[in-house]
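In what follows, a single structure is set out as structure tokens and then discussed.
The values are calculated or read from the model by the stated rules, or taken from the named source; none is laboratory data. Keep in mind that what you see is a predicted model, and the values were worked out from it rather than measured. Every residue, glycine as well, gets a Cβ built from its backbone with ideal geometry; the counts of neighbours run over all protein chains shown. In case anyone asks, the SASA skips ligands and DNA or RNA and just uses the protein heavy atoms, side chains included. Shrake-Rupley method; radii C 1.70, N 1.55, O 1.52, S 1.80 Å.
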Amino acid sequence: MDFNLSKEQLLIQKMARDFAEKYIEPVAEQIDRENKIPEAILEGLAELDLFGIPFPEEYGGAGGGYDGYVLAMEQIGKASGGIAMTISAHSLGLSAISVFGTEEQKQKYMVPGCKGKHIVSFAFTEPATGSDPKQITTTAVKDGEHYIINGTKRFISNANWPGAIILFARDSESGKPTGFIVDKLCEGYSISEPWDKIGMHGGMLLDVYLKDVKVPAENILAGPGMGYPILQLGISFGKVGVSSTALGGMLAAYEEGLKYAKEKTHRDAPIAKFQAVQLKIADMAIKYEAARWLTYRLGCLANKVKDPRQFAKEAALTKTFVCETATEVIRLAMDIHGSYGLMNDYKIARLYKDTIIGPQIEGVADMQKMIVAGITLADR
């Protein structure tokens with residue numbers, strides 16, 4: 001068992017850190033204010049293959065594996081939760097094509113996605129359901145060699161960018177949820193204004209409206225009625241990105257708390273000299289290290305998924321622990337800041353708004369605990 005990062009992993013980590021510090025950090029507050037990622041940032045991410053880190057080179061990816069993906073996402077998430085959210089949702093969609101797609105589908109959709117020419121979406125959630133496939137109302141009716149899709153999807157990341165959207169609808173043949181690869185911005189596809197969420201600005205959430213969208217039958221993933229396995233495994237991969245993003249926010253909060261404790265003085269001495277502050281710093285360090293190795297482990301597990309069910313358990317427990325721990329660390333960092341932590345002039349306020357989103361996305365914390373408990377009890 002080796003806990004040391006390889007030379008390749010260290011290079012990926014450094015590349016992402018350097019880009020984040022040089023290009024993202026200086027505009028992070030601008031992104032937060034405007035809720036928009038500058039085009040130059042997207043181009044830079046594409047040039048460094050950060051849109052395709054975990055995927056094979058034969059499909060345009062960087063071949064860095066999910067262990068490399070976790071390291072890069074931590075650094076991106078440290079600088080901007082919104083940018084990390086965008087990449088995470090994009091990678092979730094690509095992972096579904098990577099695992100379940102045909103060779104033709106991979107060549108057509110993964111290559112431009114991995115190269116950052118397209119940004120991918122994953123659309124299951126609807127106004128009436130966010131976790132139960134039985135409640136899905138979007139329909140796909142067979143019409144010759146095509147399907148006609150109608151329905152509404154809610155809180156969909158990247159829905160405004162050109163590219164593929166992995167979309168789930170109940171097809172008329174099987175009566176079960178089926179996964180389709182749909183080209184966004186096609187005829188019958190429209191979107192709402194972005195939701196005005198509390199944090200992770202730049203990573204947009206929109207509703208998607210589908211009115212008689214015509215999709216070739218060849219764009220079905222894995223076959224009619226196979227939507228649930230795609231959803232289950234895809235969301236597990238999605239939790240790798242969410243956990244890594246939360247870890248990055250946690251690291252940023254930890255560093256901000258440490259920096260403030262050293263710089264803020266009371267009676268001519270930095271507050272870091274006081275035991276109460278030191279205890280908070282120790283708690284942040286402990287929580288970050290525990291979350292870090294759990295997240296890195298999940299990245300390694302994602303490289304070789306032998307049992308999707310067990311991987312779902314590992315992804316759920318990691319996501320729950322890391323996202324909840326991130327909120328604990330950000331609170332400790334805010335306590336060190338005192339009243340200043342409530343001011344938008346301080347970075348910690350933005351980090352707080354970004355971090356508290358983690359436990360609520362890709363499945364709320366209680367749902368993740370139910371997944372962990374259900375699989376654990378069934379195996380004992």
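Note on D143 and W293: their simple-model spin labels are 5.7 nm apart, each label 7 Å out from Cα toward Cβ.
Computed over protein heavy atoms with a 1.4 angstrom probe, the accessible surface ordering of I12, I31, I371, largest first, is I371, I12, I31. The 3J(HN,Hα) values that the Karplus relation (6.51, -1.76, 1.60; θ = phi - 60°) gives for region 211-223 are, in residue order, 10, 6, 6, 9, 10, x, 4, 5, 8, 6, 8, 6, x Hz. Gly and Pro appear as x. Note on E103/A282: beta-carbon distance plugged into 1/(1 + (r/R0)^6) with R0 of 41 Å gives a FRET efficiency of 0.20.
Full extension of the chain between D132 and K273 yields a length gain of 45.6 nm, computed as 0.36 nm times the residue separation minus the alpha carbon distance.
Within the accessible surface of the chain, defined with a 1.4 Å probe on protein heavy atoms only, the carbon and sulfur portion equals 54 percent.
Placing +1 on the Cβ of every Lys and Arg and -1 on the Cβ of every Asp and Glu, with no other charges, gives region 1-157 a dipole of roughly 340 debye about its Cα centre. Other residues with beta-carbon under 13 Å from the beta-carbon of Y23 carry, at +1 per Lys or Arg and -1 per Asp or Glu, a net charge of -4. Annotation: per residue accessible area for the chain equals 45 Å², rounded to a whole number [probe 1.4 Å, protein chains only]. Computed on protein heavy atoms with a 1.4 Å probe, the accessible areas place R350, R309 in the order R309, R350, largest first.
Of the whole protein surface, I356 contributes about 50 Å² of accessible area at a 1.4 Å probe radius.
Among W161, Y147, G188, whose Cα projects farthest towards the positive end of the dipole of region 145-209, with charges put on the beta-carbon of Lys, Arg (+1) and Asp, Glu (-1)? Highest projection toward the positive end goes to W161. Extending 7 Å from the Cα toward the beta-carbon at both M370 and T265 defines two label points whose distance is 5.5 nm.
Considering the dipole of region 70-220 built from charges on the beta carbon (Lys and Arg +1, Asp and Glu -1) around the Cα centre, which of Q75, P216, G130 is farthest to its positive end? Most positive-ward Cα: Q75.
Can you grab the distance from the C-alpha centre of region 228-282 to the C-alpha centre of region 315-380, Å, no decimals? After rounding, the separation between the Cα centres reads 10 Å. Per residue, the average separation of C-alpha pairs within less than 8 Å and at least 6 apart gives region 240-296 a relative contact order of 42 percent. Shown are C300, C114, whose ranking by accessible area with a 1.4 Å probe and every protein chain present, most to least, is C300, C114. If only the Cβ of Lys and Arg carry +1 and only the Cβ of Asp and Glu carry -1, the dipole of the chain around its Cα centre is close to 860 debye. Residue-wise HN-Hα couplings along region 362-374, as the Karplus relation 6.51 cos²θ - 1.76 cosθ + 1.60 with θ = phi - 60° gives them from phi, are 6, x, 5, 4, 5, 5, 5, 5, 5, 4, 4, 5, x Hz; Gly and Pro carry x. Only Cα pairs under 8 Å and at least 6 apart count here; give the relative contact order of the chain as a rounded whole percent. Taking the mean separation of contacting Cα pairs over the length of the chain, I get 17 percent. Note on the chain: percent of Cα-Cα distances in each 20 Å bin, starting at 0 and stopping at the bin with the largest distance, equals 29, 57, 13, 1.
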